[in-house]
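Q: Quick one: structure below, then a few questions.
A short reminder: the numbers here are calculations on the coordinates, not readings from a lab. No experiment lies behind these values; they were computed from the predicted model shown. Here the Cβ positions follow ideal geometry from the backbone for every residue, glycine too, while neighbour counts run over all protein chains shown.
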Amino acid sequence: MSINKFADKVLDEFSKEITDQVFLSIQNNRELKHEYLRLISTNTIDTVNQRIGKAVKDRYKLTNSDSRQDNPKSVLIKSHQEFE
């Protein structure tokens, strides 16, 4: 396998989990988690999580795949859209 094909394969896998990784970053960072908890105290958790998911998609110019992840590693979300 060429380096470029390997890199594409790795990035494809990462794109599927990028939203979960973002929420793990929030979960594991005291300052980010405090701000997240503040936001969900004044907004619904669904609103906050959906906006973060959309921001991930927009920032990295990703497109939705046909599947969702229903067993994320982060405890802050129940599921997330996978991206390509």
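Q: Check cross-link reach from Lys5 to the lysines: straight Cα distance under 22 Å, and skip same-chain residues fewer than eight apart.
A: Leaving aside lysines fewer than 8 places away in the same chain, those within reach of Lys5 are Lys16, Lys61.
Q: Also, I was wondering about something else. Could you give me the ³J(HN,Hα) list for region 78-84, computed from phi with Karplus coefficients 6.51, -1.76, 1.60 and θ = phi - 60°, whole Hz, x at Gly and Pro?
A: 8, 6, 7, 5, 8, 10, 10
Q: Would you mind pulling out the separation of the Cα centroids of region 66-84 and region 39-62, in Å?
A: Spelled out, the Cα-based centre of one part sits 13 Å from the other.
Q: Here's another thing I want to ask about it. Can you give me the distance in nm between label points at His34 and Ala55, each placed 7 Å from the Cα along the Cα-to-Cβ direction?
A: 1.8
Q: According to a simple spin-label model (label point 7 Å from Cα along Cα-to-Cβ), what is the distance in nm between Ser25 and Asp12?
A: About 2.4 nm, to one decimal.
Q: Rounded to two decimals, what is the ratio between the C-alpha radius of gyration of the chain and 2.2 N^0.38 Å?
A: 1.19
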